[in-house]
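All remarks here apply to the structure that follows.
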Amino acid sequence: KSDSDTYSCDIGDAQSRAKLVVQEIPVVFKQELQNEEAREGKQVKLTCELSKPDTPVKWMKGDTVLYASEKYEFKQRGTVAELVIRDVKSIDS
């Protein structure tokens, strides 16, 4: 997408211009989140895989956006995004 712009070829007395518009391919899930079970007090990891590397991911619990904390850790390597939930309790279900 960042290559979209106007390009030109200049030969001194004349110039030719063209506009390039790059259409982004939509990001899709190659592997969706899977249901998990965990014992209270343990840690659980939720993982998904995306079709494009380093795509920004927003983690949510219901309608609430999650933020990195002692409870939640976010990891992203290439196309794989992970949410680690520490010290799970019944309210984390």
Original post:
Counting just the residues of the stretch 28-38 that are modelled with pLDDT of 95 or more and either β-branched (Val, Ile, Thr) or exposed (fewer than 10 other Cβ atoms within 10 Å of the Cβ) (or both), which one comes out farthest from ASP87 (Cα to Cα)?
Top reply: VAL28
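Could we say that SER8 is surrounded by fewer than 10 Cβ atoms within 10 Å (Cβ to Cβ) and not in a strand (DSSP E or B) here? Can you show your working first?
Details: surrounded by fewer than 10 Cβ atoms within 10 Å (Cβ to Cβ): yes; not in a strand (DSSP E or B): no.
So SER8 fails the test.
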**OP:** Residues being assigned to a strand (DSSP E or B), touching a Lys or Arg at 6+ places or on another chain (Cβ under 9 Å) and open to solvent by 40 Å² or more (accessible area, probe 1.4 Å): count how many of those fall in the stretch 48-71.
**Re:** 2
**OP:** Among the residues of the stretch 11-25, write down those that are under 17 Å from LYS52 (Cα atoms) and open to solvent by 80 Å² or more (accessible area, probe 1.4 Å).
**Re:** GLN23, GLU24, ILE25
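Scan LYS61, LYS52, LYS30, LYS45 and give me the residue that is closer than 30 Å to ASP92 by Cα and in contact with a helix residue (DSSP H, G or I) (Cβ under 8 Å, 6 or more places away or on another chain). Reasoning before the result, please.
On the way: LYS52 fails: in contact with a helix residue (DSSP H, G or I) (Cβ under 8 Å, 6 or more places away or on another chain); LYS30 fails: in contact with a helix residue (DSSP H, G or I) (Cβ under 8 Å, 6 or more places away or on another chain); LYS45 fails: in contact with a helix residue (DSSP H, G or I) (Cβ under 8 Å, 6 or more places away or on another chain).
None of the other options fit; the residue is LYS61.
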Original post:
Can we say THR79 is at pLDDT below 95 and polar (S, T, N, Q)?
Top reply: no
Original post:
Checking GLU70 against (1) at pLDDT 95 or above; (2) charged (D, E, K, R); (3) under 30 Å from LYS1 (Cβ atoms), which single condition isn't satisfied?
Top reply: (3)
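The values are calculated or read from the model by the stated rules, or taken from the named source; none is laboratory data. Computed from a predicted model, the values in this text were never measured in an experiment. Quick reminder, even Gly has a Cβ in these numbers, built from the backbone with ideal geometry, and neighbours come from all protein chains shown. Surface areas here come from the heavy atoms of the whole protein model, side chains and all, with no ligands, DNA or RNA. Shrake-Rupley method; radii C 1.70, N 1.55, O 1.52, S 1.80 Å.
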